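Undergrad: Handing you this structure, nothing more for now.
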Amino acid sequence: MSNYTVIASDEEFAAVFKPTTSTVYALNFWAAWAPPCIQMNEVFEELASKNSAIHFIKIEAEKFPDISEEYEIAAVPSFVIVKEGNVVDRVEGANAPELSKAVAKYSKSTSTSGLNSAATTTTPSVAPPTMSPEEMNARLKELTSSSAVMAFIKGTPTAPRCQFSRQLLEILTAQNIRFSSFNILADDEVYVKGEFVGGLDVVKELVATGEFQALVPAEKDLKTRMDELINKAPLMIFIKGSPETPRCGFSKKLVALLADQEVTYDSFDILEDDDIRQGLKTHVDWPTFPMVFFKGELLGGLDIVTEMVENGEFQQVVAEAKSPES
Amino acid sequence: MVSQQEDGPVTSSIRSTLTDLLNPEKLEIINDSSKHAHHSAMRGVFSKETHFRVNVVSEAFAGKSTMQRHRMIYGALSKDFDAGLHALSLNTKTPAEIAKANEA
């Protein structure tokens, strides 16, 4: 495709990338060892075939450090849209919908079909004659709120019927995201976690008896989850990894410190859940991990707890937490 | 005092923010990023300014708990965290506390 280049040299980049012209450029900074990049490369190529007015350039970030530095690339994948010499948009991370949106914004082409609609929820085009709008809405509401991530796709996770759906599914799986999906090709079928639950009649019955809700794990909202976790034990720590296998030097030191103090505590691995990881930072207004909570209140991070241990404050505070064992 | 090497952008940002905020008697910023560069968490990250230790002595800390001191600094550096600063180890003291520690 003439609007898609994988650059092999700085000279090639200079030849292809002429930002002062009116052409809009989309730059893809990627690395072979980062799996999300592989998914996004496919998305990038797909977008190139659909947006002939934009020139798509694929750049292996580590091979071209000067270019990466110029565009302040801190992580891969990263995408930069350049128009008339200016960076007009950036997408950081493997975010296919964001990238599609960004490309669509700057594409003069009128036929940006397919990709934008694949990852969004679409209501089935034909309602079965037996369902009233109210029933339809109720059913949709139930489905969309039944899971933190709900994908309405063509086909099922095991048998996607369209390549955009397939790509979306690959991305969700690669990112280890829990999701539910709904097959828009067959309005009468409801799939939960890729499993065929039944047609409308079956689903209605299951909803009525409460069995449907039991099938789909109730997703509490993030705030509730965070508050519950913080209060899970009197002394609660949020670390990278587990106490047995800490995955960061600071978390490791904290675990050793607490072992020394012979205190009981519970822990949560923030590497397992990015929602909690990012949400907690905002929730308690603290930017780093590990975090130590006592009775639901943030004591601080490693520095503070170390200091508290040194000056005896920690021992006083947690004396209340030590269970009076007989 | 002559600095041995130029501050990178993140380092200068930290330095100027904390100088303005705290008018410190002493401000040491140590870049530990290279110690973590090969960790899996840092894969795909090209910045050489991700992990820092900051030792600061300032009267502005007087009367504040350690937690409050840390929050002051974290708050002032929130944009740097958004921009790729990954870890910050803090040592925050007042001049009086340093003097006392030296006596002991």
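Undergrad: Residues that are of a type in the set (Val, Ile, Thr): list the strands (runs of 3 or more DSSP E) wholly contained in chain B that include at least 3 such residues.
TA: The qualifying strands (runs of 3 or more DSSP E) are B:51-57.
Undergrad: State yes or no: is B:Lys64 within 30 Å of A:Pro35 (Cα to Cα) and surrounded by fewer than 18 Cβ atoms within 10 Å (Cβ to Cβ)?
TA: So B:Lys64 does not fit the description; no.
Undergrad: Right, B:Ile73: within 13 Å of chain A (Cβ to nearest Cβ), in contact (Cβ under 8 Å) with a residue 40 or more places away in the chain and more than 26 Å from A:Pro246 (Cα to Cα) or not?
TA: Working: within 13 Å of chain A (Cβ to nearest Cβ): yes; in contact (Cβ under 8 Å) with a residue 40 or more places away in the chain: yes; more than 26 Å from A:Pro246 (Cα to Cα): yes.
Considered against the rule, which asks whether it is within 13 Å of chain A (Cβ to nearest Cβ), in contact (Cβ under 8 Å) with a residue 40 or more places away in the chain and more than 26 Å from A:Pro246 (Cα to Cα), B:Ile73 comes out as yes.
Undergrad: Being within 12 Å of chain B (Cβ to nearest Cβ) and open to solvent by less than 20 Å² (accessible area, probe 1.4 Å) is the filter here; which residues of segment A:259-290 pass it?
TA: Within segment A:259-290, A:Ile270, A:Trp286, A:Thr288, A:Pro290 meet the criteria.
Undergrad: Can you tell me which of (1) more than 12 Å from every other protein chain (Cβ to nearest Cβ); (2) surrounded by fewer than 12 Cβ atoms within 10 Å (Cβ to Cβ) is the one B:Leu22 doesn't meet?
TA: (2)
Undergrad: Got at least one residue in segment A:58-77 being among the polar types (S, T, N, Q), closer than 25 Å to A:Phe164 by Cα and within 14 Å of chain B (Cβ to nearest Cβ)?
TA: Within segment A:58-77, none of the residues are among the polar types (S, T, N, Q), closer than 25 Å to A:Phe164 by Cα and within 14 Å of chain B (Cβ to nearest Cβ).
Undergrad: What's the total number of residues in segment B:45-64 that are more than 9 Å from chain A (Cβ to nearest Cβ) and free of Cβ contacts under 8 Å to residues at least 12 places away in the same chain?
TA: So the count comes out to 2.
Undergrad: Look through B:Ile73, B:Ile98, B:Ile30 and report the one residue that is out of contact with any His (no Cβ under 9 Å at 6 or more places or on another chain) and buried (at least 17 other Cβ atoms within 10 Å of the Cβ).
TA: B:Ile73 is the lone residue from the list that is out of contact with any His (no Cβ under 9 Å at 6 or more places or on another chain) and buried (at least 17 other Cβ atoms within 10 Å of the Cβ).
Undergrad: For segment A:246-326, which helices (runs of 4 or more DSSP H) that fit wholly inside it have 1 or more residues that are under 16 Å from B:Asn91 (Cα atoms)?
TA: Filter on segment A:246-326 gives A:249-261, A:302-310.
The values are calculated or read from the model by the stated rules, or taken from the named source; none is laboratory data. Note that the coordinates shown come from a computational prediction; the quantities given were computed from them, not determined experimentally. Every residue, glycine as well, gets a Cβ built from its backbone with ideal geometry; the counts of neighbours run over all protein chains shown. Ligands, DNA and RNA are stripped out before the accessible areas are found, and what is left, the full protein with its side chains, is counted by its heavy atoms. Shrake-Rupley method; radii C 1.70, N 1.55, O 1.52, S 1.80 Å.
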